[in-house]
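Data block below; observations after.
Read the figures in this text as sums done on the coordinates, not as results from a lab. Predicted model, so just to flag it, every value in this text is computed and none were measured. For neighbour counting, all protein chains shown are included, and Cβ atoms are generated from backbone atoms with ideal geometry for every residue, glycine included.
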Amino acid sequence: MTTPALAPDEGKAAVRGALTRYRTIAYIVGVVLILLVVIGMPLKYIWDQPAVVQGIGPAHGFLYMVYLIAAFDLGRRANWPLKRMLLVMLAGTVPFLSFYAERIVTARWVPAPARTDHQPMH
C-alpha cells in the first residue's frame, strides 16, 4: 500500500511546520547546553557543586532526543541528503552550533526580507 503524494502546498506546509518545530527545539537545546557548559560544568569541576549539572544534564539529554527527532522529521520532509541531516543533528552537541545550524537551515526555507535600504535601483 502506498501513501498518496502530497500536493505542493501541502508539502510546503508540512516543511514549514517541521521547520517551526525544529527552530524552537534548536533554540531551547542551544540555551540549555550553554547553561550546562558555562554554569554547570564550572560549578561541578571547579567548586565541586554538581547540583546544576545533575538538574540540567538529564534535561539536556531529553531535549537533545527531541531535537534529533525534530531534525530528522524536517530532513525527511525537506528531502535532505543523509549527510546534511546528520550534520544538523550533530549541531546540537556543540555549544552555539545549534544556533548557527538553525540560521542556515532557516535561510534555505524562509525568503530573505525585502530590500529596505531605500536607495534607488539603477
Checklist entry - What full-extension length gain, to one decimal in nm, is calculated for Ile28 and Gln54 as 0.36 nm per residue of separation minus the Cα-Cα distance? => result 7.6 nm
Next on the checklist: Placing one identical point scatterer on every Cα of segment 10-109 and ignoring solvent, what is log10 I(q)/I(0) from the Debye formula at q = 0.17 Å⁻¹?
Outcome noted: -0.71
Checklist outcome for this item: Expected unfolding gain across Phe62-Met85 under the 0.36 nm per residue rule, minus the alpha-carbon gap, is 6.3 nm
Checklist outcome for this item: Pseudo-spin-label distance Ile69 to Thr93, built 7 Å along Cα→Cβ, given in nm, is 2.1 nm
Checklist entry - Any idea how far apart Tyr45 and Arg108 come out in nm if each label point goes 7 Å out from Cα toward Cβ? => result 3.3 nm
